Amino acid sequence: MFEVINKAFLVGVGLAATAGEKVEEFAKELAEKGKLSEADARKLADDMIAKSTKARKDLQAQVEKWLEQALHKMHLPTKDDLDDLKARIAKLEKAGKKKK
């Protein structure tokens, strides 16, 4: 399950990176053909790249949410759970040493 989610995430990131390059090429081509001014082409590219970046971040947040839910359903501890346990153990060890 994690592998499938990871692959989907990587595909999304790859598409976002490729899309940014393609958008810039497309905007440049429109400017060269005179269909858009250079300023308008740059604005179009910037807007589309910003939307692509936002979509990538949204996808990443959604994947992280899915992973967290999957871990919770499988009753696996999260990093925060483990960190809390480590802190509690350290506190108990310190208290145990004081009693000696």
Inset, instruction - Using a Förster distance of 30 angstrom, determine the FRET efficiency expected from the C-beta separation of T53 and K33, and round it to 0.05. - result: 0.70
Inset, instruction - Could you calculate the contour length gain from L71 to K91, that is, 0.36 nm times the residue separation minus the distance between their Cα atoms, to one decimal place in nm? - result: 4.5 nm
Legend entry - Too-long pairs where the Cα-Cα distance tops 26 Å, listed order kept, from K57/K79; K33/K57; K65/K91; K22/K57; K65/K86; K22/K54: K33/K57; K65/K91
Legend entry - In Hz, Karplus ³J(HN,Hα) per residue of segment 65-72 (6.51, -1.76, 1.60; θ = phi - 60°; x = Gly, Pro): 5, 4, 5, 4, 5, 5, 4, 5
Legend entry - Inter-probe distance in nm under a simple model that places probes 7 Å from Cα toward Cβ, at D46 and E25: 2.3
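Rule-based calculations on the coordinates, nothing more; no lab input. This structure is a prediction, so every number in the text was calculated from the model and none was measured. All Cβ positions, glycine included, derive from the backbone under ideal geometry; neighbour counts span all protein chains shown.
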